[in-house]
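Enquirer: Right, I'll just put the structure down here and ask away after.
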């Protein structure tokens, strides 16, 4: 019998729905208390490093499939899963609206004078001349990544007449993008952009991509946003770019080390807006995610296949 | 000969264009230095309280028309203009994109966790649980006003599946609004809304409208935004609503007294985001405004009529 370890509590209706497919629901407490053998778990819904590895590393582990709550899956033991033939499906698409709206929040914070007003507030300065007072049709945006989140971001930006370009593996066209470049030659797009956004997954190729060499190409850019992975950015090089004026502002939702260490200089850099890896978080996430699990469960119990959001364990996304 | 006092410097090309219609361009310096008689000015482009009144109050003033840079015109001596038969055209429509984008900035600041992150930053707290982490399709917005700015705001919100309702004089339908209510009975809309936005012009009817009686209707509302006029809000009543939990947050771009006095309690209320009346300000405003002036000038020199954005001096907008 399939056994699903639910790392996020299921509602009664959701449990009934899962049971209806002949699958037993196991709670984290049943594993930690020892009343259920971790080796018998076949499906994990969500992820928790300790419990997840307890299941995957159990002798004679029956684990076949992990359904994550996140789009990025770089925190999973992908090599081990590949060897054990464990399938992974992610939550790609679920976070697109939330992250796109967070990105708009970061952009307008800097383009509509909120940043300047906040800087002057402690001195009670009421001054109408902000550093930048831009309307969206005046700036252009380059997005690294053209997946679900990037496409939703581009759609919203195009609605406001922003010029939107993108970077992906081969430079193939993407919906709502005015132009796209291949990852190995984005220099023309970088030169044109006022705002650069990283939404790429965390992979070997994107690791440390935004380094001194990258920032040295910039001249007086307005804003760099990272909602991808903190590992993509060399933070000291980003701060040097801000100090030199190559870049005016940055908004970072992800950092190289999370939680951001208390002694990180990022905390006090007032040209950086910081959020604690929350751009994709939403109240009621489970209501949006459960339909993906359910759809996959239906084919999984029939023939072991997964129809939505299966991750290529080698590519890492 | 018509003489246009340009309170915002015109470019050479703009001067040539105005001169081509047989109109002389006068600079502020020519008035203050006394080289041009203020009584001879027939058109004012922009407004300045001192210079404007010097022209309007001059004995035998020839002033016929004022083209403002703003949408609201409540700072003009409208009664005097009515008596002197001075026409007024405003910049309605020009600021719509800028203000709508500012409004999105205010909304996402509170719905996407930026406010919470900023509050915790001084303590270097990296916590993913923000007070609110909403996606736009989960909240509903009620906008007081359904003019250019409100319609553009509604359009952008509808693109993100927000439920958008509005209030106007008679409750007539408006583009991009799911529902509208008449100004004398908006209670149903108020009850449904999570976010309430004031974009109404400053008039006798809107003065002090958002007072204790209004706020007493609210229960645990997310956000109140004022980009209309500060005179519409009794600030002490707003602060009481925030303190009592009837309202969680406010974003104020306008205040009863501007500049906001140094001793105002608004400065230190951390549930209020403050911007200094800049939501409609944009770099390169003149490039967007000049076409309105030009279009009006063309009919004005022919027959004295104005085709775009004429203000009803009695209504005040």
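Bear in mind that the values in this text are calculations on the coordinates, not laboratory data. Note that the coordinates shown come from a computational prediction; the quantities given were computed from them, not determined experimentally. Heads up, the Cβs are rebuilt from the backbone with ideal geometry, glycines too, and the neighbour counts pull from every protein chain shown.
Enquirer: Looking only at other chains, what is the average number of their beta-carbon atoms within 10 angstrom of each beta-carbon in A:108-120?
Expert: That average works out to 6.
Enquirer: Ordered shortest first, which distances in nm separate the 7 Å Cα→C-beta label point of residue B:179 from those of the other copies?
Expert: 4.7
Enquirer: Hey, can you rank B:189-196, A:249-256, A:310-317 by average C-beta count inside 10 Å, highest first?
Expert: On the way: B:189-196: 19.4, A:249-256: 23.2, A:310-317: 15.2.
Listed from highest to lowest mean packing, they are A:249-256, B:189-196, A:310-317.
Enquirer: Note down the relative contact order for the stretch B:195-247 as a percent, whole number, built from C-alpha pairs under 8 angstrom at least six residues apart.
Expert: Relative contact order for the stretch B:195-247 comes out at 49 percent.
Enquirer: Would you calculate, for chain B, the mean residue ellipticity at 222 nm contributed by helices, counting each DSSP H stretch of 4 or more residues as -39,500 (n - 2.57) and dividing by all residues, to the nearest 500?
Expert: The helix contribution divided over chain B gives -9500 deg cm²/dmol.
Enquirer: Just to be sure I understand: of the beta bridges DSSP finds with both ends in chain A, what percent are antiparallel, rounded to 5?
Expert: 5 percent
Enquirer: Over all directions, how big on average is the projection of the convex hull of the alpha-carbon atoms in chain B, in square nanometres?
Expert: Hull-based average projected area comes out at 18.7 nm².
Enquirer: At a threshold of 8 angstrom on Cα-Cα distance, excluding pairs fewer than six apart, so keeping six or more, what relative contact order does the stretch B:96-274 reach in percent?
Expert: Normalised by residue count, the contact order of the stretch B:96-274 is 16 percent.
Enquirer: Same structure, new question: Per-residue mean of other chain beta-carbon atoms within 10 angstrom of the beta-carbon, peptide B:256-267?
Expert: Numbers: counts 0, 1, 2, 5, 3, 2, 4, 1, 2, 0, 1, 6.
Mean shielding count: 2.
Enquirer: Quote the FRET efficiency, to the nearest 0.05, computed for residue B:37 versus residue B:85 with a Förster distance R0 of 22 Å and r equal to the Cβ-Cβ distance.
Expert: Details: r = 20 Å, r/R0 = 0.91.
Efficiency, from the Cβ-Cβ distance: 0.65.
Enquirer: Note down the relative contact order for chain B as a percent, whole number, built from C-alpha pairs under 8 angstrom at least six residues apart.
Expert: The value is 15 percent.
Enquirer: Then there is this: Among A:107-118, B:135-146, A:219-230, what's the highest-first ranking by average C-beta atoms within 10 angstrom per residue?
Expert: Values: A:107-118: 24.9, B:135-146: 23.2, A:219-230: 21.3.
The most tightly packed comes first, giving A:107-118, B:135-146, A:219-230.
Enquirer: Which values, in whole Å and largest first, are the semi-axes of the equivalent ellipsoid of the stretch B:31-144 obtained as the square root of 5 times each eigenvalue of the Cα gyration tensor?
Expert: The answer is 48, 17, 10 Å, longest axis first.
Enquirer: Between the alpha-carbon centers of the stretch B:206-271 and the stretch B:100-170, tell me the distance in whole angstrom.
Expert: 16 Å
Enquirer: At 7 Å along Cα-to-Cβ for each site, give me the label-to-label distance between residue A:159 and residue B:128 in nm.
Expert: For the pair residue A:159/residue B:128, the computed spacing is 2.7 nm.
Enquirer: Please report Rg (one decimal) and Dmax (integer) in Å for the Cα set of the protein assembly as shown.
Expert: When restricted to the Cα atoms of the protein assembly as shown, Rg and Dmax are 28.4, 100 Å.
Enquirer: So for the protein assembly as shown: antiparallel DSSP bridges make up what percent, rounded to the nearest 5?
Expert: Values: 2 of 78 bridges.
Taking every DSSP beta bridge within the protein assembly as shown, about 5 percent pair in antiparallel fashion.
Enquirer: On to the next question. How crowded by other chains is A:89-101, given as the mean number of beta carbons from other chains within 10 Å of each beta carbon?
Expert: Mean shielding count: 2.
Enquirer: Separate question: Which peptide among B:176-182, B:41-47 comes first, and what is the full order, when sorted by highest mean count of other Cβ atoms within 10 Å?
Expert: Numbers: B:176-182: 17.6, B:41-47: 23.0.
Top of the packing list down: B:41-47, B:176-182.
Enquirer: Quick one: if the Förster radius is 45 Å, what FRET efficiency do residue B:24 and residue A:192 give, using the C-beta to C-beta distance and rounding to 0.05? Write out the running numbers ahead of the final one.
Expert: On the way: r = 42 Å, r/R0 = 0.93.
Efficiency, rounded to the nearest 0.05: 0.60.
Enquirer: Okay, moving on. Suppose we look only past 22 Å in the calculated P(r) of the stretch B:135-271. What percent of the Cα-Cα pairs does that tail hold? Provide the component values of the computation, followed by the final result.
Expert: On the way: 3098 of 9316 pairs.
Tail of the P(r) past 22 Å holds 33 percent of the pairs.
Enquirer: Next question. Label-to-label distances across copies for residue A:265, with labels 7 Å out along Cα→Cβ, in nm, shortest first?
Expert: The answer, with the shortest distance listed first, is 4.2 nm.
Enquirer: Now, a different point. May I ask for the angle, rounded to the nearest 10°, between helix B:96-111 and the longest principal axis of chain B, with both axes built from Cα atoms and the value confined to 0 to 90°?
Expert: 20 degrees
Enquirer: Got the residue A:303 label distances to the other copies yet, label 7 Å along Cα→Cβ, in nm, shortest first?
Expert: So the distances to the same position in the other copies read 7.5 nm.
Enquirer: Which angle from 0 to 90°, rounded to the nearest 10, does the C-alpha axis of helix B:285-303 make with the longest principal axis of chain B?
Expert: Result, in degrees: 40.
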